[in-house]
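Visitor: Sharing a structure here in structure tokens format.
The values are calculated or read from the model by the stated rules, or taken from the named source; none is laboratory data. Values in this document were obtained by computation on a predicted structure and should not be read as measured data. Positions of Cβ are generated from backbone atoms using ideal geometry, with glycine treated the same way; all protein chains shown enter the neighbour counts. For accessibility, only protein heavy atoms count, side chains too; no ligands or nucleic acids. Shrake-Rupley method; radii C 1.70, N 1.55, O 1.52, S 1.80 Å.
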Amino acid sequence: MKVGFLLSAGGAAFARAAELSGWPVSRFFVLTDRACGAEDKADSLGIARARIDGASRPALSAAAADRFRAEGCDVAILHYARLIGSELFERMPVVNVHPALLPAFPGLDGVGDAARAGTRIQGATLHVVDAGMDTGPILAQTAAAVPRRADTAWREALAYRQKVVVTLALLDWCDAGLVDPARIGRAAFDLDRAPAGDTLCTPGFCHEAHARAATSLLAELPRPSA
């Protein structure tokens, strides 16, 4: 399967997941809606990309669907700061990576909202895209305990790693044949055949190498200093 990414910022989580997946770069395609670091990340990895400039939500969504299909993408994954429309998510399977636990912390500043709430658990969510803001069916989540001394910068570093983990999970499911590109919405994902996941940080990986990579990535994060 081939995966299309719609990106609008630095692209670090996308790039790390692509590297950890072990996939050839030909199985990825990147779309952006502005000049951003994600374009540089794609170029450095040798991943084909294109940009859709200055479009309204309906126009961008339709153009993204057309380009993803033209590039042979079977599923689209968003690391993206704008809402997209039905012109995209009604034409192919589309998922979003949200850097906080849903449904508790939707919106643009989920990490900050969790920090202000003083949560002792923080996670990222992979969910199906629908017409709402972060309201689609949840496919996978990863969570970790937050130490008492953790500041917002530490939480952001954790969120980056957690976004990589749930992105890698989606790529893992594509490899395992659990994503049906002929369907849309929740029906495109056959997670009844996926492992349940043995810890909070390994959300149903089918391939042991990917599960190990996810666990090691989270273990890289140092504990906050006193």
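Visitor: Kindly report, to the nearest 10 Å², the accessible surface of V164 as traced by a 1.4 Å probe over protein heavy atoms only.
Guide: Surface accessible to solvent at V164 totals approximately 0 Å².
Visitor: Here is a further query. Membrane-span-like helices in the chain: DSSP H runs reaching 24 Å or more (Cα, own axis), mean Kyte hydropathy at least -1.0?
Guide: Once both thresholds are applied, what remains is 152-175.
Visitor: With N residues in region 95-226, what two-decimal value do you get for its Cα radius of gyration over 2.2 N^0.38 Å?
Guide: Against the empirical 2.2 N^0.38 Å value, I get 1.05 for region 95-226.
Visitor: For Cα extents along the principal axes in Å, several values are listed as [x] 51, 37, 33; [y] 69, 39, 30; [z] 51, 47, 30; flag the one computed from this structure.
Guide: Looking at Cα extents along the principal axes in Å for this model, the match is [x].
Visitor: Hey, can you find the accessible area per residue of the chain for me, probe 1.4 Å, expressed in square angstrom?
Guide: Accessible surface, normalised per residue, equals 43 Å².
Visitor: Kindly provide the helix-only [θ] at 222 nm of the chain, computed as the sum of -39,500 (n - 2.57) over DSSP H runs of four or more divided by all residues, to the nearest 500 deg cm²/dmol?
Guide: Helix contribution divided over all residues of the chain: -11000 deg cm²/dmol.
Visitor: Follow-up question, since we're still on this one. Output the peptides 98-111, 149-162, 40-53 sorted from most to least packed, where packing is the average of other Cβ atoms within 10 Å over each peptide's residues.
Guide: The packing order, highest mean first, is 98-111, 149-162, 40-53.
Visitor: Could the peptides 203-214, 5-16 be put in order, highest first, of the mean number of other beta-carbon atoms found within 10 Å of their residues?
Guide: 5-16, 203-214
Visitor: Still on this model: For the residue pair A157 and A131, what label-to-label distance in nm results when each label sits 7 Å from Cα along the Cα-to-beta-carbon direction?
Guide: 4.3
Visitor: Gain in length, E220 to S26, computed as 0.36 nm per residue apart minus the alpha-carbon separation, to one decimal in nm?
Guide: Length gained, E220 through S26: 67.0 nm.
Visitor: Could you list the residues of region 173-199 with an amide nitrogen less than 17 Å from a label point located 7 Å from the Cα of S86 in the Cα-to-C-beta direction?
Guide: 184-187
Visitor: Still on this structure, I have one more. Given a 1.4 angstrom probe, I'd like the percentage of the accessible area of the chain that is carbon and sulfur, rounded to a whole number.
Guide: Of all accessible area on the chain, carbon and sulfur atoms account for 52 percent.
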